[in-house]
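The values are calculated or read from the model by the stated rules, or taken from the named source; none is laboratory data. Worth saying up front: this structure is predicted, and the values here are computed from it rather than measured. Glycine gets a Cβ as well: all are built from the backbone with ideal geometry, and neighbour counts include every protein chain shown.
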Amino acid sequence: MKIPRRILPILGLFYSIFLISSCSSSTTEQTFDSSKLRKATQEEIEKVIEQFVLAEDSSVIEIPAGFFALKTQLILDNKNHITIKGAGLTETVLSFRDLKAGGEGVKLVGNNITIQDLSVEDAPGDGIKSQHCDGITFRKVNVTWTNGDKSKNGTYAIYPVQCKNVLIDECIASHSKDAGIYVGQSENIIVRNSLAFGNVAGIEIENSDNAEVFDNTVRDNSGGILVFNLPGLPKSDGRGTKIYNNEVTHNNHKNFATALSEDPNGNTVTMIPPGSGIVMLAAKDVEIYGNNIHENKTVGIAIANYHVTGFPMDAPNWSPFSSNIFVHDNDYKRTLALPDFSKEFGKLISVYNATGFARTQDIIYDGFWDKDISDNINTNPMKICIQENEMEKLHFTLFDLWEGEENIKSSKDYAPFNCKSEIKTDVSAIAKL
């Protein structure tokens, strides 16, 4: 994004201060020190591997307390009604630091699988991946990388993809170079009572249907909670997500994702500016309410369309527009830290907002809309509804980006979006688990 010449000297000063302040943004906090655990014997390690290989339907894989230094992946392939159970997430640790080949540390494929009461550390790829599962439960599971926040860490910590009936409960995810808790191309999802910190994205719901994310703490990530619909995936245009009663605080971490230019390992979250609370991108049917959105230095909630990425948008059965969004009854507190200038999206929010240069925004809407529906955004064609308490006191910006970088406009008029919407989800069956 080009910045006008008259702003460049001021921006240079602010950016220098930003760089100094960002040096302290990295967090290397761990939930516990696994090096103090008893080291499992080679015989114990081999028994764990054998249990995965020989598991039959309706069996229980019990892993005792200890630190298990594994040199091979643990794969459960097409099994049903399996429980994988450790002695506690601070007692049983599966370490994949010595794994030289393969991707994820643990991979689960099957139906009605539960993994609980253990930790996974230092997988070369994803921590725990479940795929093509109907019924997958993660409970009291911790997944992390012990060297802190590195671009060579795994992509996802807890990673169910192309699954149905997903429950993630009382889990901890940290230091992934993409999303700590990522649910993609799935349906019927609950993420609750969990902690995500030190990731690029804390929790991400992507191309998924019927999801509820509630009672979580999402802090010290680059972006807190993401709801994305990306093109070109087997499942397109997920719908129906509720995000409520979460603590979304101080997500000001440096974005250490692999750049998109570094294919094949680049990822979309590299564009997320540090200081983002909740970000929607081409999202459909989303309700956000009852959250504490505090001290995210760039923006509390961003409602964005895929246009802001600058990436190709030609994909079948997929729309680049966010639509039917209802944001209401959240609590906002702005930080004294400077907004982000390291990412293009951060520059847009920081420089061109309607409430003042380098001001944190509580809510932004990037202002793209489907002109086949209406020729005027003031008719609210995408049904973007915002009803926050004391809206007039919030920092709100509506952008107009249709004319390109040379003629960016912004407004703080939220009146066209003062409406209500009904978002329907039903996760009652999963909630009973």
Qualifying residue in segment 181-192 (condition: surrounded by 24 or more Cβ atoms within 10 Å (Cβ to Cβ) and either hydroxyl-bearing (Ser, Thr, Tyr) or closer than 18 Å to Phe345 by Cβ (or both)): yes
How many residues are without any contact (Cβ under 8 Å) to a residue 40 or more places away in the chain and farther than 22 Å from Val269 by Cβ when one looks only at segment 309-352? 1
Filter the strands (runs of 3 or more DSSP E) completely within segment 233-341 down to those with at least 2 residues that are of a type outside the set (Val, Ile, Thr). 241-244, 276-281, 284-289, 292-294, 299-304, 323-328, 331-333
Test each condition in (1) surrounded by fewer than 18 Cβ atoms within 10 Å (Cβ to Cβ); (2) not in a strand (DSSP E or B) for Thr83 and report the one that comes out false. (2)
So, restricting to strands (runs of 3 or more DSSP E) that lie completely within segment 359-429, which ones have at least 3 residues that are under 21 Å from Val248 (Cα atoms)? 361-365, 384-387
Cβ pairs under 7 Å, 6+ apart or interchain, first in segment 411-423 and closer than 18 Å to Leu394 by Cβ, second of a type in the set (S, T, N, Q) and not in a loop (DSSP other than H, G, I, E, B), ordered by first then second residue, are Lys412/Thr397; Pro416/Asn378; Asn418/Gln387; Lys420/Gln387
Would you say Ile158 is farther than 20 Å from Lys47 by Cα, without any contact (Cβ under 8 Å) to a residue 40 or more places away in the chain and touching a strand residue (DSSP E or B) at 6+ places or on another chain (Cβ under 8 Å)? yes
When you go through Lys129, Lys100, Lys107 one by one, which is the residue that is assigned to a loop (DSSP other than H, G, I, E, B), touching a Lys or Arg at 6+ places or on another chain (Cβ under 9 Å) and either in contact (Cβ under 8 Å) with a residue 24 or more places away in the chain or surrounded by fewer than 18 Cβ atoms within 10 Å (Cβ to Cβ) (or both)? Lys100
Would you check if Asp149 is modelled with pLDDT of 95 or more and surrounded by 18 or more Cβ atoms within 10 Å (Cβ to Cβ)? no
